[in-house]
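Q: Got a structure for you, questions after.
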Amino acid sequence: MKKDIMIVILILSFASIGFLFENKSYAKMNIDDELKISLKNIKTSNVFGSAFVPVEPEVEESTLKAFDVLVKESGDFASFTFDIVNDGDFDVKINNINKIKPSCTSLALPENIEDEKKVCNHLDYLLIDTITNKEIKEFNVIKSHSRKNITLKVSYNNQEKLQDEVQITLFDMNFIFDK
């Protein structure tokens, strides 16, 4: 009987030790697997035609902060480059890109609602991998210990003339990353 009790105690002891090691390594895995990805180095890379950027955009961790672009003629555009930097030890995918539809405000006096509609209805608002020239979308992968240079292009493409400048307000764009 004592022998049976000793065997049960040994089995329980080994099971407890195994459980502790398993939970310790699980906790370590969760801590070590923290996402280390961010947006960095934003700058205006190109302005074409009568386009104007009154305030440069900024990045904050995984968010491209709101900014404005002014346009007046078809073909006007502004483009911005920034990096998505993955300092982590594993590949990360873009799970979602939250882009709120931009707003357009006529700067004409009195305000010209038709100009606002023309611009917002003919607005190109694209994220492009600067190296491959392919559109950045959900599920694109950012390799571990790498940097992906992105171009955000905002352009007005319509042959109809505008009465005056239209301000395009681009709201915060949030990138959501996942393993």
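The values are calculated or read from the model by the stated rules, or taken from the named source; none is laboratory data. Model, not experiment: these values are computed from the prediction. Reconstructed Cβ throughout: ideal geometry from the backbone, glycine too, with neighbour counts over all protein chains shown. Note: accessible area is taken over every heavy atom of the protein model, side chains too, but ligands, DNA and RNA are not part of it. Shrake-Rupley method; radii C 1.70, N 1.55, O 1.52, S 1.80 Å.
Q: Sorted by accessible area with a 1.4 angstrom probe, largest first, how do H122, H145 fall?
A: H145, H122
Q: For a Förster distance of 25 Å, can you work out the FRET efficiency between the beta-carbons of K134 and I176, rounded to the nearest 0.05?
A: 0.80
Q: Under a point-charge model restricted to the Cβ atoms of Lys and Arg (+1) and Asp and Glu (-1), what is the dipole moment magnitude of the range 56-142 relative to its Cα centre, in debye to the nearest 20?
A: I would put it at about 360 debye.
Q: Here is a follow-up. List the residues, sorted by chain then number, that are 5 or more residues from E58 or on another chain and whose placed amide H is less than 5 Å from its amide H.
A: Those lying under 5 Å, H to H, from E58 are K65.
Q: Also, quick follow-up: Does a label point 7 Å from the Cα of T169, set along Cα-to-beta-carbon, have any residues of the range 32-61 with amide nitrogen under 15 Å, and which are they?
A: In the range 32-61, the label zone of T169 (backbone N under 15 Å from the point 7 Å along Cα→Cβ) covers 54-55.
Q: Now a separate question. By the gyration tensor of its Cα atoms, with a ≥ b ≥ c the square roots of the eigenvalues, what is the shape of the range 58-179: rounded for a/c under 1.5, prolate for a/b over b/c, or oblate?
A: Prolate, since a/c reaches 1.5 and a/b exceeds b/c.
Q: A follow-up question, please. Sorted by accessible area (1.4 Å probe), largest first, how do L64, L109 line up?
A: These residues rank, largest area first, as L109, L64.
Q: Grab the Cα-Cα distance for N121 and K65, subtract it from 0.36 nm times how many residues apart they are, and report the gain in nm with one decimal.
A: Value of the extension gain: 17.9 nm.
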